[in-house]
Amino acid sequence: MKHFLSTKDFTRTEIEGLLERAFAFKRGEDTSKPLDKNSIALVFFNPSLRTRASMQVGIYELGGNVVVLEPGGTSWTLEHRDGVVMDGDKTEHVAEFVRVLGRYCKAIGVRTFAAMKDWEAERLDPVLNAFAKHADVPLINLESAMHHPCQALADMMTIRERFGEKSKRVVLTWAWHPKPLPMAVSNSFALAAAQAGHTLVIAHPKGYELDDELMNDARMFAAHAGGSVEVMHDVDAAFDGAHIIYAKSWGSKNFYGAPEKDIAERAAYREKWIIDAAKMRRTDDAVFMHCLPVRRNVIVTDEVIDAANSIVIDEAENRLHAQKAVMAMLLGEN
Ligand code: CP
């Protein structure tokens, strides 16, 4: 049984296969219904627009039924740790929750953001791994503490749609945000762009490094795919010659558990790191991408996000097609 937890668990050939299937869904060439009246559960510990709507629509279009659960809201609060005496505020353990859902549903999607309290614990994706430990049906990661592979697959589809198969200069740039955010989108984008063989530049202020192990994986994938990974701290220089600007804010791993320190640290970066027209003029007519939701005139100016080269809506649409390809793959259809 295969899960979809990170693109790093899939070969470049397998990812190519997913992208081909996603394009076939998008072009309307593939109208198969591999879910065949079976159900998929979507478990949301955190809010969502794109992920929830695109998964619900995708399941419907594949001929399936969706069960949406929100632990602590529309279902019981959940404990994920092993060996815990559950005399606190958690009512049900993941061990029962996941196995019960597996009796009703052919797959389970789960969204569980980083709490951003304990870097060393959260970098290991404890909630997602507790689901995986107990699941006897395929799991789909709908954004965990460390990964958002559905977003990354849609991002690679969007780049492919615009530029074809050639390697491009792809800049993943940090941007200022009033509060520290998880790294999952940035991590998964970096991995997937490296797996695709792009020339990847990761621009961020000093102190906002991504996880060391993830960076090693990205460099390894890039070397294997004929691409490269470079880290830059000069945001203006990073934009020079870029074909794709991918903006995302994230919190410093140095300040997990102390958001006020991160907020103080980043205060100096607000003006410098916004994506504006002056920076975009340094690029090679780059497209602008962001996973959304995005704060206008904080992460990116109106002028940039409303320009013809902004492809954020295509990117959001492609979540639907990419996730249909993932579900079709996991449930055994070709
Ligand atoms: N990009 C993304 O995952 O959007 P949502 O948080 O709205 O699902």
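The values are calculated or read from the model by the stated rules, or taken from the named source; none is laboratory data. What you see is a predicted model, and the numbers here were worked out from it, not measured in a lab. Cβ placement follows ideal geometry from the backbone for every residue including glycine, while neighbour counts extend to all protein chains displayed. With ligands, DNA and RNA removed, areas are computed over all heavy atoms of the protein, side chains included. Shrake-Rupley method; radii C 1.70, N 1.55, O 1.52, S 1.80 Å.
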Mind listing whichever residues of the stretch 27-51 are within 20 Å of the chain's Cα centre (by Cα) and not β-branched (Val, Ile, Thr)?
-> ALA41, LEU42, PHE44, PHE45, ASN46, PRO47, SER48, LEU49, ARG50
Just one of the numbered conditions (1) of a type in the set (Val, Ile, Thr); (2) touching a Gly at 6+ places or on another chain (Cβ under 8 Å); (3) within 16 Å of the ligand (Cβ to nearest atom) is not true of THR199; which one?
-> (3)
Subset of the stretch 56-75 [away from the ligand (no atom under 16 Å from the Cβ), over 15 Å from VAL127 (Cβ atoms) and at pLDDT 95 or above] | TYR60, GLU61, LEU62, GLY63, GLY64, ASN65, VAL67
ALA154 is checked against (1) within 16 Å of the ligand (Cβ to nearest atom); (2) closer than 30 Å to GLU260 by Cα; (3) touching a Lys or Arg at 6+ places or on another chain (Cβ under 7 Å) and fails just one. What number does that condition carry?
-> (2)
In the stretch 127-146, anything open to solvent by 20 Å² or more (accessible area, probe 1.4 Å) and among the aromatic types (Phe, Trp, Tyr) is listed as none
The lone condition ASP82 fails out of (1) charged (D, E, K, R); (2) out of contact with any helix residue (DSSP H, G or I) (no Cβ under 6 Å at 6 or more places or on another chain); (3) buried (at least 20 other Cβ atoms within 10 Å of the Cβ) is (3)
Over the stretch 269-316, the set of residues away from the ligand (no atom under 16 Å from the Cβ), on the phi < 0 side of the Ramachandran plot and of a type in the set (Asp, Glu) is GLU271, ASP276, ASP284, ASP302, GLU303, ASP306
Which of the residues spanning the stretch 23-50 are within 16 Å of the ligand (Cβ to nearest atom) and part of a helix (DSSP H, G or I)?
-> ARG50
Quickly run through the stretch 27-44 and pick out the residues that are surrounded by fewer than 16 Cβ atoms within 10 Å (Cβ to Cβ) and among the charged types (D, E, K, R).
-> ARG27, GLU29, LYS33, ASP36, LYS37
In the set ALA135, ALA115, ALA53, ALA121, which member is more than 16 Å from the ligand (Cβ to nearest atom), of a type in the set (A, V, I, L, M, F, W, C) and over 26 Å from ASP212 (Cα atoms)?
-> ALA135
How many of the residues making up the stretch 51-66 are under 18 Å from LEU101 (Cα atoms) and assigned to a loop (DSSP other than H, G, I, E, B)?
-> 1
The correct count of residues that are open to solvent by 10 Å² or more (accessible area, probe 1.4 Å), assigned to a helix (DSSP H, G or I) and closer than 18 Å to LEU210 by Cα in the stretch 232-260 is 4
If we ask which residues in the stretch 147-184 are open to solvent by 10 Å² or more (accessible area, probe 1.4 Å), in contact (Cβ under 8 Å) with a residue 24 or more places away in the chain and not hydroxyl-bearing (Ser, Thr, Tyr), their number turns out to be 15
Mind checking which residues of the stretch 45-61 are crowded, with 23+ Cβ neighbours inside 10 Å and more than 16 Å from CYS291 (Cβ to Cβ)?
-> GLY58, ILE59
